[in-house]
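For reference, the structure discussed in these notes is given below.
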Amino acid sequence: MKNLLLSLFLVSYLSLSAQTESYAGTYGISPENETGHVLKWTLSLKADGTFLYNFYRKLNCTSCTQENFYGKGTWKAEKNLISFSTDEKDDIDDVHTMNFNNTKARINRKSPRDISNRTTKESIIFYSSELFTIKGLELFKM
């Protein structure tokens, strides 16, 4: 009985960690434009359950300066949904000012049951967030 429980626990732990690692990686987007503005979003989901977010903006005007907005914290995967959280004591500082609490995203990828030749680029879409700049944002796996 003891071995059975240990085996069951080990299998469930390995399946959860394998799923988390499959989502780990860098996601981003840098749309091209003809105005000379530079916008770049980057999200790094690390296998240890932490994340780093960066939004970089350089507008093409004489009085404009470049800006960086950062966030960090932890993430958890459940099926294809990702939940983000930010510890206000450890993750918020002078540089990392964005609070990702109550932020949720969905991973889009080709289903393993889909045997067609269709290619689908893996992405993450933020569907719920208190940060208005994040909600609706889609970043593609690099």
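Points worth noting:
- Highest GNM mean-square fluctuation among Lys72, Lys110, Lys58, for the chain modelled with Cα contacts below 10 Å: Lys110.
- Measuring against 32 Å, Cα to Cα, the residue pairs Lys58/Lys110; Lys58/Lys104; Lys89/Lys121; Lys89/Lys141 contain Lys58/Lys110; Lys89/Lys121 as the ones spanning a longer distance.
- Comparing Ala47, Ala105, Ala77 in a Gaussian network model of the chain (Cα springs below 10 Å), the most mobile by mean-square fluctuation is Ala47.
- For the chain, the Kirkwood radius over C-alpha pairs fed into Stokes-Einstein at 20 °C and 1.002 mPa s yields D = 126 µm² per second.
- Choice from Glu67, Glu88, Glu130 with maximal GNM fluctuation in the chain (Cα, 10 Å cutoff): Glu67
- Relative to the longest principal axis of the Cα atoms of the chain, the long axis of helix 2-23 makes an angle of roughly 20 degrees.
- Proximal charge balance of Leu81 [Cβ under 10 Å; K/R count +1, D/E count -1]: +3
Just so you know, all these numbers are worked out from the coordinates, no wet-lab data involved. This structure is a prediction, so every number in the text was calculated from the model and none was measured. All Cβ positions, glycine included, derive from the backbone under ideal geometry; neighbour counts span all protein chains shown.
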